[in-house]
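What follows draws every value from the coordinates through simple rules; no lab data is involved. What you see is a predicted model, and the numbers here were worked out from it, not measured in a lab. In this analysis, Cβ positions are derived from the backbone assuming ideal geometry, glycine residues included, and neighbour counts consider all displayed protein chains.
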Amino acid sequence: MKDHYGRRINYMRISVTDLCNLRCVYCMPEEGVQKHLHKKNMSFEEIIALIKAGTQLGIDKIRLTGGEPLVRNGIVELVQAIGQIEGIKDLTMTTNGILLPKYAKDLKNAGLNRVNISLDTFDEKKYHQITRWGKLDDVMAGIEAAMAVGMSPIKINTVLINGFNDDEIKKFVNFTIDNPVDVRFIELMPLGESSNYAQNKYISNAEVLKAVPELLAVLEPEKTGPAEYYQLSGAKGRVGLINPISKHFCSECNRIRVTTDGKIKPCLHSDFEIDILKLREEGLTYLQILEKAIGAKPERHLLEDNEKQMVRNMNEIGG
Ligand code: SAM
Ligand code: SF4
């Protein structure tokens, strides 16, 4: 379905849990999600029904995210069920990778052919610091496990943080020389937990090109997402720049997001949400709810105007 600004919306990102086995400082508070604030997850039945309705409107790409999607009970079964929905051409997941050694094989067998893994540093101590308790070895084993079962492409998501990992830009770029992975630098966004954190830690992705001027732009015949791709000559992998702040890509936006507790966010950078359960109780079908959500997509986000700070943390939205 096209929205009011002529953008074809074919991509649904679903946060399947707000819980996580890490506590990245820009994403979640240290104490995690307090039990009384932990909102009821959408059930698998509701998720499947929503996706099926979405396919009638041209949704053909699904990303499962979180929180950490691999901590949700039954995640492999959910992947399998979504993979069988007619009309879904691309099913993927964003994960911190910690549980991939345990689940990669089952996920691949269930139909998950590709995965994005988050990694902000190659330094053990810094990894522990940014995730508040994670172990670098675990995520590296997760990347290897995904490669070993043949998931492809594997994309590494790296949030660029001033004074934290800007000194590792070259290391990340060099990781693509021998590894067939896409390393994608993402600009730090000020929302929820990170609103204050991001204020003096944001740097533009232009720093990547300054640090590694040898990167050559990759011409993509058909752009499939917001990343602009570059490559070192002869490298097996590529380097992507995702610039939500410095060069917003609203005119190309093709997605809607579903939060853990069943709210559709037409735009990541707006607190406006559509409450699926409430509208269901009022008698709307999933199809009608999705039409409403796509119809409510704003033309562009207002982040750079500093209009207001977003309330929700990323772990409820999924990135
Ligand atoms: N737990 C999984 C993971 O870390 O990959 C999936 C959920 S996480 C919220 C999805 C992505 O959002 C991660 O790559 C994370 O680094 C990114 N993210 C979280 N907070 C962010 C922020 N304030 N700005 C930019 N990216 C953010
Ligand atoms: Fe968890 Fe992902 Fe948020 Fe880190 S970015 S706290 S791994 S949900």
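What to note about this one:
- Taken about its Cα centre, the chain carries a charge dipole of about 380 debye when Lys and Arg each add +1 at the Cβ and Asp and Glu each add -1 at the Cβ.
- Across the chain: Cys residues that no other cysteine approaches within a C-beta distance under 4.7 Å: Cys20, Cys250, Cys253, Cys267
- Percent of alpha-carbon pairs separated by more than 17 Å within region 209-258: 44 percent
- Computed over the chain with a Gaussian network model linking Cα atoms closer than 10 Å, the most mobile of Val181, Val239, Val25 is Val25.
- Hits among aspartates and glutamates - C-alpha to C-alpha of Lys170 under 19 Å, sequence gap 8 or more where chains match: Asp120, Asp123, Glu124, Asp178, Asp182, Glu187, Glu207, Glu214, Glu228
- In region 3-98, the GluC sites (Glu not before Pro) that fall in loop regions by DSSP, at most 16 other Cβ within 10 Å: Glu30, Glu31, Glu86
- The coefficient of translational diffusion for region 99-249, derived via Stokes-Einstein from the alpha carbon Kirkwood radius under 10 °C and 1.306 mPa s, stands at 98 µm²/s.
- Close amide-amide hydrogen proximity is noted between Val181 and Gly237, Arg238, each under 5 Å apart and 5 or more residues distant or on a separate chain (H modeled in the peptide plane; Pro and chain starts excluded).
- In terms of its C-alpha gyration tensor, region 1-140 comes out prolate, because a/c is 1.5 or above and the ratio a/b outweighs b/c.
- Each peptide in 290-297, 145-152 was scored by the mean count of other Cβ atoms within 10 Å over its residues; highest first, the order is 290-297, 145-152.
- One quarter of the surface of the convex hull around the alpha-carbon atoms of region 137-226 equals 7.5 nm², the direction-averaged projected area.
- Pairs of Lys in region 180-260 closer than 23 Å at Cα, counting only those 8 or more apart or on different chains: 6
- Translational diffusion coefficient (Stokes-Einstein; Kirkwood radius from C-alpha pairs) of the chain at 25 °C, 0.890 mPa s, in µm²/s: 123 µm²/s
- When the Cα positions of Asn313, Asn200, Gly142 are compared along the charge dipole of region 11-317, Gly142 comes out farthest toward the positive end, with charges on each C-beta of Lys, Arg, Asp and Glu.
- Cα-based Rg / Dmax (Å) for region 176-319: 17.9, 57
- Farthest positive-ward along region 132-262 dipole, Cα basis, beta-carbon charges - from Val218, Gly240, Val258: Val258
- For the pair region 220-289 / region 137-182, the C-alpha centres are spaced 22 Å from each other.
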